[in-house]
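Remarks on the structure that follows.
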Amino acid sequence: MAAPPTGASALIDLINSLPDPDGTWGPPVTSETLLNGVPYAPFSKGDKLGRMADWTDGKDGRDGRGGRQQYNRNYRDQQVYGAGSASLFAAPAAEDEASFSVVSNVRDTAKTRFGRGAIFTRGRGQRGRGGQDTRGGGRGGQQFQRTGRGGQQFGGYSDRGGRGGARGGRRFGWKDYDKPQRNRDASINVKADWTLIEEIDYNRLSKLNLETDEGEDIDSYGFLHYYDRSYDKAPVKGAERKLAVLDRAMYNVTTSSDPVIQELADKDEATIFATDSILSMLMCAPRSVYPWDMVLVKQGNKVFLDKRDNAALDLATVNENAADAPLEASEGSKEVINQPPALADEATYINHNFATQVVVENQAAKVDMAHENPFYSASDETVPAASKAYKYRRFDLSTSEENPTYLIVRAELDAVQKNAINGEDQFVTIHALNEFDNKAQGSGGALDWRTKLVSQRGAVVATEMKNNSCKLARWTIQSILAKADVMKLGFVSRVSPKVNDKHVILGVVGWKPKDFANQMNLQLSNGWGIVRTIADMCLQREDGKYILVKDPNKSILRLYEVPAGGLDEDDDEPEMVAPVAEE
């Protein structure tokens, strides 16, 4: 009897003996997903099974191991059985759940203003609706205010260290991107008959560059008193000096009305003429936020940079560059004295009086320039002239020897002081920063000057550099144009935050203008490039008047050609310099 087959041959014989009516092995192929009317999850023989059982309660993955459906690097190559067919067993939605909301009838009396926890408040309108951002509970945006222990509120960054803001209803820094854009009014109404010549954005202005020389003195006028060094000493707490109101004759004559510039223009001493105030505004244009404008008069081969009467660039702005600048009345501000126009008037008033107070008016010890003040007439004025020297300086803005281009600027100096080392006279420019209320909206996170100016002077100055970048840059450029040796900055604060006509002097700090420019990352070559570019735009066109306007809400400058009589105040505008008669 033959031995039974073993091994592979026996298995083959067993398979061949089984009935196979279809001629194939395995379950029949079908596309149905119902088994006796019940859906089932199809599977593939290549599916990889995960864990047989998972006893961890880690559905959110916080324990580091994760749940059955969580990603785990140890099982990232495996496939969870049946995971792709979960939608087959999902019940269809009976209705749209997007409109479902829960209305709570629990009274919110437990959360008071001085309690713990977070309070989320919304203004009268929906988020994104409305016009302006009031940042104090009005229409236009959301607010998040958190009350700390003891009832003190912290917004943005708390005053325990970092950036702050207005007390009450202040916004966190992460929400700054969602602030509604402010709609400021233009400094001048653009008429329909004005022709737009050029539109320049700040990115283009920032790329301009022109290297120039240190400049040369042409002539000087006026006189200077000596600076009172006692103001450099830190005042005793409670015994600060009050800001006095001194009636002195000060002048801010525009370029075309300056008799000295008219004389220099007749002699063809330069191509471009300007004052330091107008020129600094143009050189610092990329830092400006508030609207402004200037008039450019082109006559022959000369360009005069002028300003209108009561122009915006004559005022000293306050916290123009702050992340949360002071609000306008149209934006919901209820504090009239802390609105931008009122703050600018206050800052200008402080600067005029501060410069006259910190000098020693000794007629025997004053320093006279080569000529007398060109704007002061003793017979017409009833008050004495202020300590002021006008230096007319020339700068070479030529880009080639074939086409020389020079600029003459009228720069101003405020005082003179003795050098502590060699006893020589040093020219000084004097300006003042003002504090209105470090806890009010628009303060830009400023520190309390009364307590921090002596101990944290660097932090105070750094905050002012951030909040008043444009204003400080203009003052620095004016000091460099005048070739001043020292720039004095006074720190003036209100006697009371609610009163804007009484002030005290908290201290004075001096810097070398070029060192201060380096700290602010201020490049004069960029400013000279802007001046030369704008002047060339006018020089290439016909004689007439042009006006450069800063867009009130965008970082754009626009140059318009104005027809004859196109400005609003034609009678008050400076007259064009008469052309030189050819012999």
Please state which of the following conditions Val508 fails to meet, knowing it meets all the rest: (1) more than 15 Å from Leu305 (Cα to Cα); (2) surrounded by 15 or more Cβ atoms within 10 Å (Cβ to Cβ); (3) out of contact with any strand residue (DSSP E or B) (no Cβ under 6 Å at 6 or more places or on another chain); (4) in the same structural domain as Asn338 (by TED's automatic domain parsing). (3)
Strands (runs of 3 or more DSSP E) enclosed by the range 261-356 - at least 1 residues per element that are more than 20 Å from the chain's Cα centre (by Cα), more than 22 Å from Ile480 (Cβ to Cβ) and among the basic types (Lys, Arg): 293-299, 302-306
When you look at Phe354, is it touching a Gly at 6+ places or on another chain (Cβ under 9 Å) and crowded, with 21+ Cβ neighbours inside 10 Å, yes or no? yes
The range 391-412 residues that are more than 22 Å from Arg474 (Cβ to Cβ), paired with ones that are charged (D, E, K, R) and in a loop (DSSP other than H, G, I, E, B) (beta carbon under 6 Å, 6 or more apart): Asp396/Asp213
Given (1) under 19 Å from Ala415 (Cβ atoms); (2) of a type outside the set (S, T, N, Q); (3) modelled with pLDDT of 95 or more, identify the lone condition not met by Trp528. (1)
Filter the range 304-323 down to the residues that are of a type in the set (Val, Ile, Thr) and touching an Asp or Glu at 6+ places or on another chain (Cβ under 9 Å) and list them by number. Val318
The range 357-387: number of residues that are touching a helix residue (DSSP H, G or I) at 6+ places or on another chain (Cβ under 9 Å) and either more than 17 Å from Asp414 (Cα to Cα) or in a loop (DSSP other than H, G, I, E, B) (or both): 5
Log entry, pairs with first residue in the range 364-385 being at pLDDT below 90, second being small (Gly, Ala, Ser) and not in a loop (DSSP other than H, G, I, E, B), beta carbons closer than 9 Å, six or more apart or on different chains, reads Ala378/Ala385; Glu381/Ala249; Thr382/Ala249
Residues that are touching a residue at least 12 places away in the same chain (Cβ under 8 Å) and either at positive phi or among the aromatic types (Phe, Trp, Tyr) (or both), drawn from the range 303-358: Phe304, Asn319, Gly332, Phe354
Which is on the phi > 0 side of the Ramachandran plot, in the same structural domain as Gly423 (by TED's automatic domain parsing) and free of Cβ contacts under 8 Å to residues at least 40 places away in the same chain, of Gly222, Gly238, Gly215? Gly238
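For (1) of a type in the set (Ser, Thr, Tyr); (2) buried (at least 23 other Cβ atoms within 10 Å of the Cβ); (3) at pLDDT below 95; (4) within 13 Å of Ile408 (Cα to Cα), each residue gets a yes or a no:
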residue	(1), (2), (3), (4)
Ser256	yes, no, yes, yes
Val260	no, no, no, yes
Thr271	yes, no, no, yes
Met283	no, yes, no, no
Asn301	no, no, yes, no
Leu305	no, yes, no, yes
Asp309	no, no, yes, no
Determine if the range 228-247 includes at least one residue that is modelled with pLDDT of 95 or more and either surrounded by fewer than 20 Cβ atoms within 10 Å (Cβ to Cβ) or among the charged types (D, E, K, R) (or both). no
Looking for something under 24 Å from the mean Cα position of the chain (by Cα), modelled with pLDDT of 95 or more, in a strand (DSSP E or B) and of a type in the set (Phe, Trp, Tyr) - is there at least one such residue anywhere in the range 490-508? yes
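The values are calculated or read from the model by the stated rules, or taken from the named source; none is laboratory data. These figures come from a predicted structure and were not determined experimentally. Virtual Cβ from ideal backbone geometry, glycine too; neighbours counted across all protein chains shown.
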